1. Output needed: Cys residues of the chain lacking any neighbouring Cys C-beta below 4.7 Å, sorted by number.
2. At 0.36 nm per residue, and after removing the present C-alpha to C-alpha distance, how many nm does the segment from residue 492 to residue 437 gain when stretched out fully?
3. Between helix 133-144 and the chain, what is the angle of the helix's C-alpha long axis to the longest principal axis, kept within 0 to 90° and rounded to the nearest 10?
4. Could you give the angle, 0 to 90 degrees to the nearest 10, between helix 587-604's Cα long axis and the longest principal axis of the Cα atoms of the chain?
5. Please give the contour-minus-distance gain from residue 619 to residue 205: 0.36 nm per residue of separation, less the Cα-Cα distance, rounded to one decimal in nm.
6. Can you tally the net charge around residue 487? Count Lys and Arg as +1, Asp and Glu as -1, for every other residue whose Cβ sits under 14 Å from the Cβ of residue 487.
7. Please give the net charge around residue 602, taking every other residue with its beta carbon less than 14 angstrom from that of residue 602, where Lys and Arg add +1 and Asp and Glu add -1.
8. Ranked from highest to lowest mean number of other Cβ atoms within 10 Å per residue, what is the order of the peptides 606-616, 363-373?
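Since every read-out is calculated from the coordinates, none of them should be taken as a lab result. Computed from a predicted structure; not experimentally measured. Positions of Cβ are backbone-derived with ideal geometry, glycine not excepted, and every protein chain shown enters the neighbour counts.
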Amino acid sequence: MPSADHDLGPQNLGSPARTVLREPPAASPEHAEPSRFIPHVQGLRAIAVLFVVLYHFWPGRLSGGYVGVDVFFVISGFLITGHLMREIEATGGVRLAQFWARRARRLLPASLLVLLFSALVVASPYLFPLSALPNEVREIIASTFYVENWYLAISSTDYLALSGEPTTVQHYWSLSLEEQFYVLWPLIMLGAAYIAVRFARAARRRAILWTLGVVTLASFVFCVIFTITDPAPAYFVTFTRMWQFGVGAMIALIPMLRVRHAVGSFVLGWAGVFALLYAAFFFDGQTPFPGYMALVPTLGAAAVIAASNTQRWWYPTRMLSIRPAQFVGDISYSLYLWHWPLIVIAPSVPFWGLTIYHRVALLALCFVLAWLTKRFVEDPARSWKVLTRRRPRVTLWSSLVAMILVAATAAGAWAVNAPAYRDGVAAIASLREDPPECFGAQSVLDPACAGTDFGDQVLPAPGFAAADRPAEEQCFVQLNDTRPVTCEFGSDAPDAPEIVLIGDSHAFQLLSTFERIATDNGWHLTTLFKGACPWSTTPLSTPGAFGEACTQWRENAVEVLEQRAPDAIFTAAISTTPYSTAGFDSQHDAAVAGYREAWAPMLDAGIPIVTVVDNPVWENDPNKCLRTRGVAACDGPRDALLGDQDALRDAADGLDGVTVLDFTDVFCDDTTCFPVIGGANVYRDEDHLTVSFVDSLAPQYEVALRSALGMGDGSLTQ
């Protein structure tokens, strides 16, 4: 997070509120060094914020741009540690209240302004889906009090996932972590200095250096282990990131790390820049991160900071000091604050498209808002006389009051919309229990429904479609988790036929419907799901731990299948899975071969398999269009949305014991695919179906399963 700490020069030390170590102070820092501004560090901040912003605007083009926040952590560790160390050496302590008050004046006004904007936006059902309101309000409150990273860690949010409905303040996780650093770091440094002076008779600087070194090393080890064992929360928690601040701190505390030799500085600086570029372009959402891979951007940023020679124009330190880089660095904090909520909200704005021109225009708007916020909020707030001329506690109490007011505004948004939210929940429950005649897929599949006109009806409502999903998320494993988690539904009778539902999230989207089918028929349903990991043998093209975890999960899942020996297996998979093409001519061939090889042992054991051709995959959630435009305005071109839907069909071709269901002609006609079919809202996001729509396909699923179990001939007229 860009904290814009480039103004951490000498502070006003006039306040008596200070934690002091009783040792003769050195010269006052006001006179030690008149300026601490380092231009190339400001330029490095520009690189970092551009990485993050461009990653969020075009994640496919800059897949590792999220490493920009890691760069900010290193910068903050360097600047804050240097500032605190100078004050400790000059005065024997740190005026903690003054330090925290200064940070509050610097960071809170712009931060609370954007949070207030988000709170007002979510109060409008036209700009934000009603189904997301409770989580949005919780995250605004968590962000207001700078615990958003812990909220996301506890809820195990995958920040790098590109599906779902993110909140407008999800990016505040890094600001929260940095604020926690501002609280913990000076306390750690003061504690080390106090012990050194009081008990060990040792030099404060050496004690602080060793203490921060131990903290940094311990945090890194914890980061690597936690990323391997539980990667989703590991991305957010304070202790997995503290080492990155520590790396910056080492540069501030160890003078020999600042390379002023011309050749050394040149090589070190450009090596750091190239390391950052490598991470930004070659890392992606499946890179095990932070973990050991975070060393690349962290050490890259440290190398750029450490390169201190500015003699020649071609040195990175000089190139990062040019005026455009300084301007972006100056507005980086506000640019970081504004860009994400605008990205989340823009697709819901009436008449706002998603073309390259709209994205560029939105990016330009982000820069304008960032400059205005810097000019009229950030800069004036630092020197408000009503605060600067009073004791630091006035600033701190005023900040707390402002935070409470923002949180109250968010709570008010919930109070206003809570009745509508409850109505939406009740409407989904009612729709699942008693759908209209000819609803959803049956309007196409049932000849008796021909000509039924649902007009502009959309159920569930576009603002609530995201809530129409299976509730049993404990059955779904993600990321690096290799456990073959099974869930059991339906009949527990010993002689009940057993069906296994296995696959990725496109199998998971069928769970609620299959649970009902199993219960109604007295069958036993067992599930095996892993996100982005279809039941196949072809490795994913995704490098690193995620691809390895998928391979291991498949092996574990097969062991479960062999042990259970079910009566039938149903599998589904998203058509855009990135398979490795090693040994194959194309992705299609790799997918077909992987499915066939995975199915073969089960078919040889006499276990029938049912699969389904994948549904269309949209570039953006159709509900964002449906909330502001007519149903007909939100259709999509068939050729662009279907992808490689033939892989499962071709894999089943010629295999005895495999049944393929193909609903492509339900989703699309010859040229167009539809987000609303028979009055049913088909999608809850870009590619996952609502449970209500899947329920409308239940007769077809049930007949296919009955046929596989030897209970019928596959006819709906049985």
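1. That list is 223, 366.
2. So the chain would gain 16.5 nm between residue 492 and residue 437.
3. Between helix and principal axis, roughly 10 degrees.
4. 60
5. 143.6 nm
6. That sum, taken over residues with Cβ under 14 Å, equals -3.
7. That sum, taken over residues with Cβ under 14 Å, equals -4.
8. 606-616, 363-373
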